[in-house]
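What follows draws every value from the coordinates through simple rules; no lab data is involved. What you see is a predicted model; the values in this text were computed from it and never measured. Here Cβ is always computed from backbone atoms with ideal geometry, including for glycine, and neighbour counts include all displayed protein chains.
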Amino acid sequence: MKMACLFLRERWSRKNNFTMTSIHNSGIAEHIQNIQSGKIDVVAFVKKVIQLAREYDRKYHCFTIICENEALAQAKQIQEKVKHHQAGKLAGLLITVKDNICVKDVESTASSRILKGYKPLFDATVIERLKKEDAIIIGKTVQDEFGFGTFCVNVGLGYRIPLNPLDVTRATGGSSGGAGVITAVADFPHIAIAETTGGSIESPAAFCGVVGFSPTYGRLSRYGLISYADSLDKIGFMSKSVGDIIPLLEITAGRDELDGTSLDETMKEYSGEKSEDKKKDQKLLIGVIKEGMGKGVAPTVIKAMKETIEKLKQRGMVVEEVSLPVTFKYGIPTYYILSTTEASTNLARYCGLRYGQESPVRGKTFSSYFSEIRSEHFNTESKRRIILGTFARMAGYRDAYYLKAAKVRTKIIEEYKTVFGKYDVLISPTMPITAPTFSEIKKLTPLQNYMMDILTVGPNLAGIPHASIPIGFEKNLPLGMMAMTNHYEEKKLLSFLSEVERLVERGEQ
Ligand code: GLN
């Protein structure tokens, strides 16, 4: 375990010339160039990677499936393209995909037994765009069933709980736990495609010590994502360094006719300078969220935040305290009412008729058949959320709960908008604690569990871009800081994150 920790630290402290305007110096860009120019034998390389992936999986249970055959088939195709100088922009980059994102012919189950055996006949739009540029999919990563969880201990029946590579007695964070693990341990050029509804990318990023990035709602198409709560779900990325995310974002973002909520704008300029950006000598105005630095947040987390804030100030940024009273008072109930309501309708389709497991129907009524399938194959947390969500949208309760929550969500969005009228970036810790042990998690009530999302639900409800970035260690456990910008301001966020990366991870003053 110590080894893994040292390994991460060493990686972070390694000198790397990456800056926002010279992203080609990141390890991934070099690797892609080596593939494109034919310096690396793609097939042999992928075979080696698959072996490594199996090893990591044995140790940390991060995959639901490693798709060796499909990856090798892709590798062979790329090898051919290289010969004709036609390899794509991401040639040979290794990609893992959260289990709730569809990959053609590869079992995609959202880590739920009810979908076991489901092999999509199509690629999610994000996957299609990555494959077009010759990125190679090596496997699906384990998650909390349908995304219902904060620690990745709510995996579906028959799935293995992933283990934190820094201490295997501790959780990885969730729901994208497998994605967090493989991003932390992969010793090959890799990006994880993950998904967040209320913090599922940022929580494992913080607990596993990697970067987790979620764009503006709608920036990436949701087509092919197995829905949890459609008005909140966003596909995003996990990586070892900020710069590695940029080319992926440029390639995957943009309008998709198959997702009506996808944004029109294409974003091809993440890495370039734009005239409307702040001039170099203009100081970034940072708001540190007061509610994230007080009661309920571990002192070690607050200490790491304060140290980072000092470094930001030394760097010439102006950091002031801001308050988001509505978001912090109502965020958790609003999120859990809206997300469970949407989840309960989304999960209604898994009833053994068109989707999900089946059993012999003879002699059963429809309701007894549906109940049998759903009782047998959903895990406890899914059942809890179906009950909660169904209650919140029932005739007679709908106005009191669901509609009220929708109105409060608007207030929360307005609160962020007001604050972004003044500040460029907001920051807070990502999680109130460091990765807990499995026995600590067992003692939490469902409500205490839900409260762990207090810092991450706000930006998800508001649909703004946000990301978690490592800011240090406490007793070998990584700590993450979350940064947020206004809608559509991914570029500003990435630029801030790379600044933090330089300051914190590489020990610059
Ligand atoms: N922990 C939150 C939940 O359980 C968020 C999970 C997610 O983003 N999928 O709903």
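Of note:
- Residues that are within 17 Å of Phe151 (Cβ to Cβ) and either charged (D, E, K, R) or away from the ligand (no atom under 13 Å from the Cβ) (or both), drawn from region 184-198: Ala184, Glu195
- Answer residue from region 316-355, given it is surrounded by fewer than 20 Cβ atoms within 10 Å (Cβ to Cβ) and of a type in the set (S, T, N, Q) and is farthest from the ligand (Cβ to nearest atom) among those: Ser323
- Tabulated pairs, region 189-202, first under 10 Å from Asn460 (Cβ atoms) and of a type in the set (S, T, N, Q), second more than 7 Å from the ligand (Cβ to nearest atom) and in a strand (DSSP E or B), C-beta under 7 angstrom, 6+ apart or interchain: Thr196/Ser214; Thr196/Lys234; Thr196/Gly236; Ser200/Ala194
Yes/no matrix, rows are residues, columns are (1) more than 27 Å from Cys208 (Cβ to Cβ); (2) assigned to a helix (DSSP H, G or I):
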site: Arg58; (1), (2): no, yes
site: Ile65; (1), (2): no, no
site: Lys81; (1), (2): yes, yes
site: Gly88; (1), (2): yes, no
site: Gly117; (1), (2): yes, no
site: Ile138; (1), (2): no, no
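- Neighbours by Cβ (under 7 Å, 6+ apart or cross-chain): first from region 38-59, in contact (Cβ under 8 Å) with a residue 12 or more places away in the chain; second surrounded by fewer than 14 Cβ atoms within 10 Å (Cβ to Cβ) and among the β-branched types (Val, Ile, Thr): none
- In summary, helices (runs of 4 or more DSSP H) completely within region 357-473 and bearing 2 or more residues that are crowded, with 17+ Cβ neighbours inside 10 Å and in contact with a Phe, Trp or Tyr (Cβ under 9 Å, 6 or more places away or on another chain) occur at 366-377, 380-392, 404-420, 457-462.
- Number of positions in region 140-182 that are crowded, with 24+ Cβ neighbours inside 10 Å, basic (Lys, Arg) and part of a loop (DSSP other than H, G, I, E, B): 0
- Those residues of region 199-221 which are within 15 Å of the ligand (Cβ to nearest atom), assigned to a loop (DSSP other than H, G, I, E, B) and within 26 Å of Phe473 (Cβ to Cβ), in sequence order: Gly199, Ser200, Ile201
Let's see how each residue does on (1) within 21 Å of the chain's Cα centre (by Cα); (2) within 16 Å of the ligand (Cβ to nearest atom); (3) within 26 Å of Lys306 (Cβ to Cβ):
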site: Ile387; (1), (2), (3): no, yes, no
site: Tyr397; (1), (2), (3): no, no, no
site: Ala400; (1), (2), (3): no, no, no
site: Lys407; (1), (2), (3): no, no, no
site: Glu415; (1), (2), (3): no, no, yes
site: Leu426; (1), (2), (3): yes, no, yes
site: Thr434; (1), (2), (3): yes, no, yes
site: Gly458; (1), (2), (3): yes, yes, yes
site: Ala467; (1), (2), (3): yes, yes, yes
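- Checking Lys132, Lys140 one by one, the residue that is under 14 Å from the mean Cα position of the chain (by Cα), farther than 24 Å from Ala483 by Cβ and more than 11 Å from the ligand (Cβ to nearest atom) is Lys140 and no other.
- Near pairs, Cβ below 7 angstrom, 6+ apart or cross-chain, from region 387-406 (in contact (Cβ under 8 Å) with a residue 12 or more places away in the chain) to any residue that is basic (Lys, Arg) and assigned to a loop (DSSP other than H, G, I, E, B): Tyr402/Arg393
- Only listed residue being more than 20 Å from Arg349 (Cβ to Cβ), under 19 Å from the mean Cα position of the chain (by Cα) and of a type outside the set (Val, Ile, Thr), chosen from Gly180, Gly158: Gly180
- Ala110 vs. criteria surrounded by 24 or more Cβ atoms within 10 Å (Cβ to Cβ), away from the ligand (no atom under 15 Å from the Cβ) and under 15 Å from the mean Cα position of the chain (by Cα): no
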